[in-house]
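Participant: One structure, pasted below without further comment.
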Amino acid sequence: MAGKVTLNWSEGQIIDKEYFPEDKLGRVKYATFLTKLLAAQGFDESREDEQKRNYVLNLNSVWGSGKTYFLKRWSEDLKEYYPVVYVDAWKKDYSDDPLMTVISSIIEQLRDQAGKSKDDPVFKVPRKLIGLLKAAAPGIARGLVKRYVGIDPVAIMNADDNAEDIGLIQGEDGNPIDMSIAASAVVKHLIEEHDAKSEAIESLKISVSEWVEAVVGLKGKELPAFIFIDELDRCRPSYAVEMLETIKHIFDIKGVVFVVATDTEQLQHAVKAIYGEGFDAKIYLGRFFNSRYSLKAPNLESFLEVHCDINKFSGEYLTEINVQIMPFNSDAKVTLNNISIVLDSFGLSARSAIQITDRIVATLSNMPPRSKVDILMLATLLCIKEKDSALFDEIVAGGFSRSVFDGDNNKTIYLDEFFESYLTERSQQLKLTMYFDPQEYSALLKKYTHQPPVNNPYRANCYEFLFIDYLKEIFSPHFGSGKKTRVIALFSRKTQTRGNIQTPLEKISAEIIDVYEDSSSSEDFYLNGISSMLWFKYIHINDEYDLISNDEYSDFVELASPLDWMGEEELLDKSEQ
C-alpha cells in the first residue's frame with residue numbers, strides 16, 4: 001500500500017475549517033518518505049516473526065519550520081489509505097489527563113472514519129474499562145489510600161524512624177493508628193492498584209486494536225494505523241512528560257505507529273522543569289522513540305514568505321500608497337529576497353527575522369504619501385538595533401570609528417572596514433538584486449557639466465551586487481563614516497576634475513561609461529557587480545535617497561522596534577506559567 005500512496009500539496013486545502021495553503025517549503029517529499037518508512041515498520045506481510053509492530057517516531061523540527069502544517073496535511077492525506085488519528089496536545093492540556101485525551105481522540109476520529117454513529121457498540125469504551133482506567137490514573141494513589149485506608153501515606157514516609165514518632169500518626173478520626181495494620185492495608189491497596197492498572201492497559205490495547213480493525217474492515221483501508229501527536233513541546237511540562245509516558249507504556253499496540261512532533265530542545269527544557277536542571281533530558285527522551293527524523297529549517301526567504309505579509313512589498317501596493325523604496329522591484333518576492341539576505345548576513349534567529357520583516361512592513365504602511373526610504377538601509381539598521389543597541393546609537397550619531405591594534409601600532413578603522421570583520425565570510429558573498437531599466441532614468445549620460453552627453457549603453461536587466469559592497473559604498477558614507485575619498489566622492493555636490501566642473505552624478509555617470517567601455521563582452525557589464533553598484537549609487541543620488549537624514553532613519557527604527565511578533569516562544573512561556 002505504501003508504494004501506492006500519493007501525496008500532493010501543490011494546492012491549498014481546508015482541514016477542520018482551517019485553510020492550509022500550498023506547500024511553499026517543499027515538505028511533501030519528506031511526508032512521502034516517512035509514509036513508506038512507517039507503513040513498513042507498522043505492518044509487513046512478508047515478515048515471518050510478526051507482521052504487526054508498534055513504532056514511535058519523533059519528528060523533530062525547530063520553531064517556525066511548519067510542524068503543524070506538515071502534520072495536518074500529512075495526516076489528512078493518509079486518511080484515504082490508513083486509519084488516522086490527529087491529536088493537538090497543546091489544545092488538550094487543560095484536561096490534566098493525557099490518557100483520556102488520546103483515548104477520546106482515537107474513538108471519535110476512528111468512529112468517524114468508519115462511518116459509525118456515537119451509539120455504535122463497536123466504538124464504545126466498556127464501562128468497566130473506564131472505571132479501571134480512572135482508578136489506575138497516575139497521581140491519585142495517595143488520595144485513594146487516604147480514602148480507603150484512612151491515613152495519608154506521605155505522612156508515614158515523612159515520619160521519623162523512631163517508634164515514638166510513628167505512634168503519633170493519627171487517622172481522620174483523631175485516634176492513633178496501629179502501623180502494622182496500616183502498612184498491611186497500604187501494601188494491599190498498592191497491589192490491587194497495580195493489578196487494576198495492568199488489567200486496564202490490556203483491555204485498552206484490545207479495544208484500540210478492535211477499533212482499528214473495524215476501520216480497516218469497513219472501509220477497505222490498510223494497516224498500520226497512524227496516530228499523530230502535535231504541539232507536545234508547547235504543553236505544560238508535567239502534561240508533556242505524562243503524555244510521553246502514556247504513549248510508551250500504554251499505547252505500545254502492534255499495528256499502530258505514533259508520530260510525535262516536537263522541537264526537541266524545547267521538550268528537553270520541559271523535562272528538566274520536572275526532574276531538575278541536572279537531569280539528562282536527552283537520554284530520557286531517547287527511551288520513548290524508536291527513531292528521530294529532523295526536518296531541516298527552511299531557507300529564510302521561504303520562511304518569511306509563509307509568516308509575513310509580503311504583498312506590502314509589491315510594486316502595486318507601493319504605488320497605491322504612493323511610497324518609493326530603493327531598490328524598487330515590482331515583484332514582492334525580489335524585495336523579500338533582498339531583505340532576507342540582510343537578515344541572514346546578521347545571523348538573526350527565525351523569530352527576530354519575522355519581527356524585523358513585520359517592522360519594515362509596518363514602517364512602509366505608516367509612511368506619508370510621496371515619501372521614500374532605502375529599504376536596505378532600514379533593514380540593516382533594524383538588524384543592528386536588534387543585535388546591539390549601543391552600536392546602533394553610535395552609527396546613527398555619525399562619525400563611527402574604532403581604534404584597533406594592528407601589529408605594533410594602533411590604527412583607526414571606520415564603519416566600512418568594521419563590517420568586514422563584523423559579518424561572516426559567507427555573508428560577505430551574498431548578493432542583492434535590482435531589476436530595472438537604466439533607459440527609464442536617462443537615455444543620455446553626462447560625464448562633465450560643460451561637455452555634451454553620450455548615449456546610455458545599458459538596457460533593462462537584472463543587476464546584482466554584494467551586500468558588503470552596499471555597506472561600504474552606500475551605508476557607511478551615508479552615516480558619515482568611511483574613507484575620506486569615498487565620502488568626498490559621494491557627498492560633495494561639486495568636484496573639480498581635470499579643469500572641468502563635475503557633479504557627483506556626473507562623476508558616477510563617467511564611471512558607469514568607463515566600466516562599459518572596459519568590458520570584454522556585451523554581457524560583462526550586466527554581470528559586473530561594479531556597474532550594478534554604480535547604478536545603485538546613481539539612483540540613490542538622482543532620486544535623492546541620500547538626502548534622507550540620519551535622524552529620519554533613527555525615527556523609523558525607534559518607532560517600529562517596540563513591535564514584537566507574538567510567536568510560539570511567547571505562547572510556550574505563558575503555557576508554563
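Participant: In region 319-334, what residues are in a helix (DSSP H, G or I) and either touching a residue at least 24 places away in the same chain (Cβ under 8 Å) or touching a Lys or Arg at 6+ places or on another chain (Cβ under 7 Å) (or both)? Break it down stepwise before answering.
Facilitator: Within region 319-334, the first condition is being in a helix (DSSP H, G or I), and the residues that meet it are 319-321, 332-334.
Ile321, Lys333, Val334, listed by residue number.
Participant: Looking only at strands (runs of 3 or more DSSP E) that lie completely in region 16-97, which have at least 1 residues being closer than 20 Å to Leu244 by Cα and under 19 Å from the mean Cα position of the chain (by Cα)? First the steps, then the outcome.
Facilitator: Values: elements: 18-20, 55-60, 84-88.
Counting at least 1 such residues, we get 55-60, 84-88.
Participant: Follow-up. Quick check: is even one residue across region 335-352 touching a residue at least 60 places away in the same chain (Cβ under 8 Å), of a type in the set (Val, Ile, Thr), in contact with a strand residue (DSSP E or B) (Cβ under 7 Å, 6 or more places away or on another chain) and surrounded by 20 or more Cβ atoms within 10 Å (Cβ to Cβ)?
Facilitator: So the first thing to find is which residues in region 335-352 are touching a residue at least 60 places away in the same chain (Cβ under 8 Å), and the list is 337-338, 341-342, 344-347, 350-351.
Add one more test, that the residue is of a type in the set (Val, Ile, Thr), and what stays is 341-342.
This time we only want the ones that are in contact with a strand residue (DSSP E or B) (Cβ under 7 Å, 6 or more places away or on another chain), so: 341.
With surrounded by 20 or more Cβ atoms within 10 Å (Cβ to Cβ) added as a condition, the list becomes 341.
Yes; the residues of region 335-352 include at least one that is touching a residue at least 60 places away in the same chain (Cβ under 8 Å), of a type in the set (Val, Ile, Thr), in contact with a strand residue (DSSP E or B) (Cβ under 7 Å, 6 or more places away or on another chain) and surrounded by 20 or more Cβ atoms within 10 Å (Cβ to Cβ).
Participant: So is Asp16 in contact with a helix residue (DSSP H, G or I) (Cβ under 9 Å, 6 or more places away or on another chain), under 23 Å from Gln113 (Cα atoms) and surrounded by fewer than 16 Cβ atoms within 10 Å (Cβ to Cβ) or not?
Facilitator: In short, yes.
Participant: Something else now. Somewhere in region 264-271, is a residue polar (S, T, N, Q) and under 30 Å from Tyr81 (Cβ atoms)?
Facilitator: From region 264-271, those polar (S, T, N, Q) are 264, 266, 268; that's our starting set.
Now narrow it down to the ones that are under 30 Å from Tyr81 (Cβ atoms): 264.
Within region 264-271, one or more residues are polar (S, T, N, Q) and under 30 Å from Tyr81 (Cβ atoms).
Participant: Next question. Can you tell me which condition Glu316 does not meet? The list is (1) out of contact with any strand residue (DSSP E or B) (no Cβ under 8 Å at 6 or more places or on another chain); (2) of a type in the set (Asp, Glu); (3) buried (at least 18 other Cβ atoms within 10 Å of the Cβ), and all the others hold.
Facilitator: Looking at each condition in turn, Glu316 falls short on (3).
Participant: So which strands (runs of 3 or more DSSP E) are wholly in region 363-472 and hold at least 1 residues that are within 20 Å of Asn338 (Cβ to Cβ) and hydrophobic (A, V, I, L, M, F, W, C)?
Facilitator: Numbers: elements: 371-374, 401-406, 409-414, 431-436, 461-466.
Here the list reads 371-374, 431-436, 461-466.
Participant: Among the residues of region 336-352, what is the count of those that are in a helix (DSSP H, G or I) and within 22 Å of Asp469 (Cα to Cα)?
Facilitator: Summing the residues that are in a helix (DSSP H, G or I) and within 22 Å of Asp469 (Cα to Cα) in region 336-352 gives 10.
Participant: Going through region 211-239 one residue at a time, which ones are part of a helix (DSSP H, G or I) and modelled with pLDDT under 85? Quick ask: steps written out before the conclusion?
Facilitator: Looking only at region 211-239, we keep the residues that are part of a helix (DSSP H, G or I), and these are 211-219, 232-234, 237-239.
Hits for region 211-239 are Leu232, Asp233, Arg234, Pro237, Ser238, Tyr239.
Participant: Restricted to region 365-375, and to residues that are surrounded by fewer than 19 Cβ atoms within 10 Å (Cβ to Cβ) and either over 16 Å from Asp309 (Cα atoms) or at pLDDT 95 or above (or both), which residue is nearest to the chain's Cα centre (by Cα)? Give the steps one after another, and end with the answer.
Facilitator: Looking only at region 365-375, we keep the residues that are surrounded by fewer than 19 Cβ atoms within 10 Å (Cβ to Cβ), and these are 365-372.
Going one step further and asking which of them are either over 16 Å from Asp309 (Cα atoms) or at pLDDT 95 or above (or both), we end up with 367-372.
Working: Met367: 29, Pro368: 33, Pro369: 34, Arg370: 36, Ser371: 34, Lys372: 32 Å.
The extreme case among them is Met367.
Participant: Here's a follow-up. Check off (1) closer than 23 Å to Thr424 by Cβ; (2) in contact (Cβ under 8 Å) with a residue 60 or more places away in the chain for Val404 and give me the number that stays unchecked.
Facilitator: (2)
The values are calculated or read from the model by the stated rules, or taken from the named source; none is laboratory data. Here the structure is a predicted model, which means the values were calculated and not measured. Methodologically, a virtual Cβ is constructed for each residue, glycine included, from the backbone with ideal geometry; neighbour enumeration extends over all protein chains shown.
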